[in-house]
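Structure record follows, encoded as structure tokens.
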Amino acid sequence: MKLKKGFVSQKVAGRWLLVAVGNNDFTGFMHGNDTTAFIAELLQKDTTVDEMVDAMYEQYDADKETLRADLERVLDQLRSIGAIEE
């Protein structure tokens, strides 16, 4: 899975933003924290949930079960606006 074309991820004033540009059904933006920004960076290339959990495990001081739950929550939000290519 990866972030679809037409969605731009960027950190602005200390907050992560995902902005829909181009031809998308979703025409707004999403904002999040540093963890959400890290996930968006991982989604710049084709990756799997397991690969993302492993990368998060190297980055954050948390167990894989907690990281997977946090990741799935963010992925569900991104799916709900059509931002993920699976």
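Scanning the stretch 1-26 for residues that are farther than 13 Å from ILE84 by Cβ and touching a strand residue (DSSP E or B) at 6+ places or on another chain (Cβ under 6 Å) yields VAL8, GLN10, ARG15, TRP16, LEU17, VAL19, VAL21.
Applying the set (1) surrounded by 13 or more Cβ atoms within 10 Å (Cβ to Cβ); (2) free of Cβ contacts under 8 Å to residues at least 24 places away in the same chain to ASN33 leaves exactly one unmet item: (1). The set of residues in the stretch 52-69 being surrounded by 17 or more Cβ atoms within 10 Å (Cβ to Cβ) and under 14 Å from ALA37 (Cβ atoms) consists of MET52, ALA55, MET56. Entry remark, the stretch 44-73: residues being touching a Ser or Thr at 6+ places or on another chain (Cβ under 8 Å) and at pLDDT below 95 number 1 in total.
The values are calculated or read from the model by the stated rules, or taken from the named source; none is laboratory data. If you're wondering where the values come from, they're calculated on a predicted model, not measured in any experiment. All Cβ positions, even for glycine, are placed from backbone atoms using ideal geometry, and neighbour counts span all protein chains on display.
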